[in-house]
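Inspection log for the structure reproduced underneath, given as structure tokens.
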Amino acid sequence: MRALRFHAFGGPDVLQLDQVEPPEPAAGEALVEVHAGGLNFADTERRAGTYLGALPLPETSGFEGAGVVCAVGAGVEAAWMGRRVAFIAPRAHAERCVVPAQRLIALPDAVDFVTGAAFPLQGLTAWHVLHTLGRVRAGDTVLVHAAAGGVGQLLVQLAREAGAHVIGTVSRDAKHDAVFAAGAQRVLTRGPGFQKELHEVAPGGVDLLLEGLGADVDALASLAPLGRWVTYGTAAGPPPPLALDALYERSITVSAFWLRSALPAEVAAQAQTAVLARVLDGRLRLAISTAPLEEAARLHRRLESGLTSGKWVLTLR
Ligand SMILES: NC(=O)c1ccc[n+]([C@@H]2O[C@H](COP(=O)([O-])OP(=O)(O)OC[C@H]3O[C@@H](n4cnc5c(N)ncnc54)[C@H](OP(=O)(O)O)[C@@H]3O)[C@@H](O)[C@H]2O)c1
């Protein structure tokens, strides 16, 4: 089978399409014939060697996909055979991927493979960041940094649905339209005048600040008293150290999210159901672009240059 692999950590050029033996599902696992694989910022970090956790090489890229179950290991219900599924699992950018059975998400007929590969990782992340950690309430003013990105656009939509007033930020004016289309009431470009502009738009500060940037986030200057700050990534670089005593003055709550801690079946099920229902009925619109697997290196380059908006999906068949 074809697999998008890297034999060394480095830039997008280390990605190559290799012919390898398909994996076999062990007990509790299913083998999925992959039709589409979602691309995430984490794929670029994993390839560059900066992702959390050690990784043996060579490694296959990808964290999520959609396709058809073509084999099951011991202990997995035979009824999964032939089912259309989406999933979150490593090594998804290959023609076959082994998936723990509890990570299989049955795809309704109305959801195509590209959409199926687009929603799991960013959808679950956005849900937990906004609801589980952010505890959004109707009437909150919510600041979503990098709001044109994959997770960003979902956060904007979910926050509006929850009754929040949403301010999105972007690095360049060309991304404003995407954030307005997702439903933000205001869009600001981050730069030297940003805090002044934010103060004009939200004079008392924002109630909830959501960011996957890490660096370049002056969260304490943006938040209102009793404000909540949820950080979920480091796309702009590692965050500066945070002194706990800096939180006292305005009683700020800080929390950090990593999807891996929310993947156990009992935690994932509720969020999965909520996100998939919204994809199905159109409350969540995924701004998807597609490209064949062969173009993965080009897309990695664009993703880590911050040039993309919305979600990119790699097609395998
Ligand atoms: N914690 C978790 O479990 C989890 C799960 C999924 C994603 N994440 C994280 O969430 C963040 C967004 O992920 P995503 O998949 O939505 O990515 P994405 O679509 O590529 O969006 C990332 C955004 O980050 C901004 N950015 C700032 N500096 C950048 C840089 N040096 N290079 C590239 N982008 C830069 C860009 O927006 P601007 O142009 O507006 O700056 C870009 O649109 C990432 O940090 C990712 O690792 C975390």
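Could you please give the count of residues in region 217-234 that are over 17 Å from residue 134 (Cβ atoms) and within 20 Å of the chain's Cα centre (by Cα)?
1
Report the residue count in region 61-93 for those that are under 30 Å from residue 10 (Cβ atoms) and either at pLDDT below 95 or surrounded by fewer than 18 Cβ atoms within 10 Å (Cβ to Cβ) (or both).
Number of matching residues: 1.
Need a quick list: strands (runs of 3 or more DSSP E) entirely within region 131-194 having at least 3 residues that are within 9 Å of the ligand (Cβ to nearest atom) and either in contact with a Lys or Arg (Cβ under 9 Å, 6 or more places away or on another chain) or not aliphatic (A, V, I, L, M) (or both).
165-170
Is it the case that residue 232 is surrounded by fewer than 17 Cβ atoms within 10 Å (Cβ to Cβ), at negative phi, aromatic (Phe, Trp, Tyr) and assigned by TED's automatic domain parsing to the domain that holds residue 167?
It is false that residue 232 is surrounded by fewer than 17 Cβ atoms within 10 Å (Cβ to Cβ), at negative phi, aromatic (Phe, Trp, Tyr) and assigned by TED's automatic domain parsing to the domain that holds residue 167.
Which count do you get for residues in region 241-258 that are within 15 Å of the ligand (Cβ to nearest atom) and either on the phi > 0 side of the Ramachandran plot or not aliphatic (A, V, I, L, M) (or both)?
So the answer is 3.
When you scan region 114-123, do you find a residue that is in contact (Cβ under 8 Å) with a residue 24 or more places away in the chain, outside the structural domain of residue 224 (by TED's automatic domain parsing), hydroxyl-bearing (Ser, Thr, Tyr) and assigned to a loop (DSSP other than H, G, I, E, B), even just one?
For region 114-123, residues in contact (Cβ under 8 Å) with a residue 24 or more places away in the chain, outside the structural domain of residue 224 (by TED's automatic domain parsing), hydroxyl-bearing (Ser, Thr, Tyr) and assigned to a loop (DSSP other than H, G, I, E, B): absent.
Any idea which residue in region 259-317 is surrounded by the most Cβ atoms within 10 Å (Cβ to Cβ), counting only those that are of a type in the set (D, E, K, R) and within 12 Å of the ligand (Cβ to nearest atom)?
For region 259-317, the residue satisfying everything is 311.
When you look at residue 95, is it of a type in the set (D, E, K, R), within 12 Å of the ligand (Cβ to nearest atom) and either more than 24 Å from residue 257 (Cα to Cα) or touching a strand residue (DSSP E or B) at 6+ places or on another chain (Cβ under 8 Å) (or both), yes or no?
no
List the number of the failed condition for residue 116; all other conditions in (1) over 30 Å from residue 207 (Cα atoms); (2) away from the ligand (no atom under 16 Å from the Cβ); (3) surrounded by fewer than 24 Cβ atoms within 10 Å (Cβ to Cβ) hold.
(3)
Search region 195-218 for residues being surrounded by 21 or more Cβ atoms within 10 Å (Cβ to Cβ), among the aliphatic types (A, V, I, L, M) and more than 11 Å from the ligand (Cβ to nearest atom), and hand back the single one that is farthest from residue 155 (Cα to Cα).
Result: 198.
Identify all residues within region 72-104 that are touching a Ser or Thr at 6+ places or on another chain (Cβ under 9 Å) and either in a strand (DSSP E or B) or β-branched (Val, Ile, Thr) (or both); write none if there are none.
Residues satisfying the conditions are 86, 94, 97.
From the residues in region 130-151 that are out of contact with any strand residue (DSSP E or B) (no Cβ under 8 Å at 6 or more places or on another chain) and within 13 Å of residue 168 (Cβ to Cβ), which one is surrounded by the fewest Cβ atoms within 10 Å (Cβ to Cβ)?
Of everything passing the filter in region 130-151, 151 is surrounded by the fewest Cβ atoms within 10 Å (Cβ to Cβ).
If a residue must be over 23 Å from residue 306 (Cβ atoms) and not aliphatic (A, V, I, L, M), how many such residues does region 201-243 contain?
Of the residues in that region, 8 qualify.
The values are calculated or read from the model by the stated rules, or taken from the named source; none is laboratory data. Nothing here was measured: the structure is a model prediction, and the numbers come from that model. Note that each Cβ is placed from the backbone with ideal geometry, even for glycine, and that neighbours are counted across all protein chains shown.
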